[in-house]
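Read the figures in this text as sums done on the coordinates, not as results from a lab. Keep in mind the model is a prediction, meaning the values are calculated, not measured. Counting neighbours? That spans all protein chains shown, and the Cβs are built from the backbone with ideal geometry, glycine included.
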Amino acid sequence: MSSPQTIVLGGGCFWCTEAVYVKVRGITDVESGYCNGDVQRPSYEDVCTGSTGHNEVVKLDYDPSQISLGQILEIFFLIHDPTTLNRQGNDSGSQYRSGIYFTTPQQQQEAQAMIAQMTQDNLFGRPIVTEVQALSNYWPAEEYHQDFFEKNPYQGYCMAVAAPKVAKFRKTFAQLVRD
């Protein structure tokens with residue numbers, strides 16, 4: 001096993017993003033949380049107001065010998081819309097913005113290069129608004145948000161929004177699905 005790496009991603013509601021990444025081979029830990037805001041120890045209710053500056057995110061620990069950052073980011077761009085500012089589907093507000101929060105300069109360079117290439121290729125037909133910033137002021141979300149999809153697969157939001165994202169991941173990246 002290589003030295004574990006950490007990257008934090010904001011792709012809308014963290015329930016949906018977490019539901020996908022817990023299924024990815026090479027991801028060793030997934031934690032829902034909040035980052036890059038101004039308040040210490042924000043609550044879900046605080047973040048939902050949009051006034052703390054935080055984004056709903058998932059913190060991913062991964063083994064680079066099993067999965068590359070490029071593959072992690074390809075999944076990220078598949079499962080959310082990186083062209084909508086402060087919105088994913090019906091979820092709107094700055095806490096749902098598209099973001100990549102790096103922990104190393106190499107991650108920053110790779111994320112920026114991927115976005116530049118996707119922009120050049122006009123992959124999404126609209127400008128990519130994903131922010132790429134250094135991770136700051138990260139706080140884990142409350143316990144009831146952790147593994148939410150796994151614990152609540154028949155909850156309405158999970159069935160309507162998270163389940164299709166998991167299915168799309170499974171279909172597109174079958175080789176990366178954890179056994």
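Rounded to the nearest 500, the 222 nm mean residue ellipticity of the chain from helices alone is -8500 deg cm²/dmol, with -39,500 (n - 2.57) taken per DSSP H run of at least 4 residues. Spatial offset of the stretch 129-179 relative to the stretch 14-63 amounts to 10 Å, using the alpha carbon center of each. Computed over the chain, relative contact order equals 33 percent, with contacts defined as Cα pairs under 8 Å that lie 6+ residues apart.
For the chain, the square roots a ≥ b ≥ c of the C-alpha gyration tensor eigenvalues yield an a/c under 1.5, which makes the shape rounded. Each other residue within a Cβ distance under 12 Å of Cys158 adds +1 if Lys or Arg and -1 if Asp or Glu, for a net charge of -1.
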